[in-house]
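Enquirer: Submitted below is the structure of interest, expressed as structure tokens.
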Ligand SMILES: [Zn+2]
């Protein structure tokens, strides 16, 4: 069963020199599909081009809260048009980042994008920083049926709350660090049906690769770390991750 990188920013300039080779390296180690979330309206065209060029490249489109300064008021209408055109498997990356400016405007954009996800019956890819509980509340209140909280780094209780709501936890390179005990404990005890894997490439390098560009091929290191902290055997984990990812994004 192949692995799917559910969150990587492969359209970024960091991959301009070797995008095809980088995808080949991932394929060779069994990471066969990638999900690329949008960041700003300006990035969507480039994402569409990449999906045409590379097989097994899936796009999400959205307005990332970290780039709040770059979003225009009309971008929500552009997003609606973009979703109408098709080619999106999710709305994202959207969310709330408490370390960034202008929370009122971040909330406004989040709510508008959650509404679009419901309207287009798409899942959402959520970015959080010190905002896990508020995000869960908003996502539920909008009636969003499918959601993944990317780079989950909360407590065991928060993991359970998201899983109980029927949502997914994005598990990334954090669990490869022995000192990340809180996140490792939360992921070790979370319901298996709620877990999906991601790299967040080019960011979030795995342990031992600090300071280097991350890429989807290194997701095998996240999988190995998951095998260490979970009770289930690797083949059970692999099959569950695949099934979870397909259910989240409506892939077959
Ligand atoms: Zn991201």
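Nothing in this text is a laboratory measurement; each read-out follows from the coordinates by a stated rule. No experiment lies behind these values; they were computed from the predicted model shown. All Cβ positions, even for glycine, are placed from backbone atoms using ideal geometry, and neighbour counts span all protein chains on display.
Enquirer: Which of rounded, prolate or oblate describes the range 3-249 when judged by the alpha-carbon gyration tensor and an a/c cut-off of 1.5?
Expert: Details: a/c = 1.56, a/b = 1.17, b/c = 1.33.
In terms of gyration-tensor shape, oblate.
Enquirer: How big, in percent, is the set of alpha carbon pairs in the range 1-117 lying more than 17 Å apart?
Expert: Values: 3739 of 6786 pairs.
The proportion of pairs with Cα distances above 17 Å equals 55 percent.
Enquirer: Can you sort 44, 57, 162 by how many other beta carbons sit within 10 Å, fewest first?
Expert: Details: 44 22, 57 18, 162 25.
Lowest count first: 57, 44, 162.
Enquirer: Most exposed first by the Cβ proxy, i.e. fewest other Cβ within 10 Å, how do 24, 204, 103 rank? Could the numbers behind the result be given before it?
Expert: Numbers: 24 11, 204 19, 103 16.
Listed from fewest to most nearby Cβ atoms, that is 24, 103, 204.
Enquirer: Within a 10 angstrom radius of the beta carbon, how do 94, 76, 4, 229 rank from fewest other beta carbons to most?
Expert: On the way: 94 31, 76 18, 4 25, 229 14.
Neighbour counts put them in this order, fewest first: 229, 76, 4, 94.
Enquirer: Moving on to the next point. Taking the alpha-carbon set of the range 55-125, what are its Rg and Dmax in Å?
Expert: Looking at the range 55-125, its Cα Rg and Dmax stand at 11.9, 39 Å.
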